[in-house]
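Nothing in this text is a laboratory measurement; each read-out follows from the coordinates by a stated rule. What you see is a predicted model; the values in this text were computed from it and never measured. Virtual Cβ from ideal backbone geometry, glycine too; neighbours counted across all protein chains shown.
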Amino acid sequence: MNLNIPVSDIMTRQVLTIDVKNHLSEAERQMKKHKIRHMPVVKNGKIVGMLSLTDLLRISFADAVTESDFNPEVYDMFTIDQLMTRQVTSLKPDDTLRTAAELFVNHQFHALPVVNAQGEPIGIVTTTDLIKMMLI
């Protein structure tokens, strides 16, 4: 596996984000609908945090609940701003897979947003993306 190729070659380009002002139930709904576990949180188009399904599980057992028996009351006690990870490490499109892999290993991340020069999300790279690349 060539670890010197840019992350832009394997990143998911249609990154799903959520605005910091949205409700937590919307975040869960989007994660379940799109079968994702991490979402960059944005404010005015720029990343201000990361929200994961694990963050939601900490307060609600989110993935054990179906849409038909979803109980949003627990989400009324918290905001995205309160649950998200604020210290976001991001990648630039020309960063290498090696850089991403080192960040995953050294910081126990599972997803890294890829941002343009203005700090706007243009993609996301996950540990699953790297594993898929290894299998090619």
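Other residues within the sphere of radius under 11 Å centred on the Cβ of VAL74, judged by their own Cβ, net out at -2 (K and R +1, D and E -1). Report the local net charge at LYS21: Lys and Arg +1, Asp and Glu -1, summed over other residues whose C-beta lies under 13 Å from its C-beta. My count for the surroundings of LYS21 gives -2. Amide hydrogen proximity for VAL48: with H placed 1.01 Å from N in the peptide plane, the residues at 5 or more positions away or on another chain lying under 5 Å are VAL41, VAL42, LYS43. Under the convention that each Lys and Arg Cβ holds +1 and each Asp and Glu Cβ holds -1, the size of the dipole of region 7-135 around its Cα centre is about 260 debye.
Consider all pairwise Cα distances in the chain and report the whole-number % of them above 22 Å.
Result for the distance tail: 38 percent.
Projecting the Cα atoms of THR17, HIS110, VAL7 onto the charge dipole of region 1-126, computed from C-beta unit charges around the Cα centre, puts VAL7 farthest toward the positive end.
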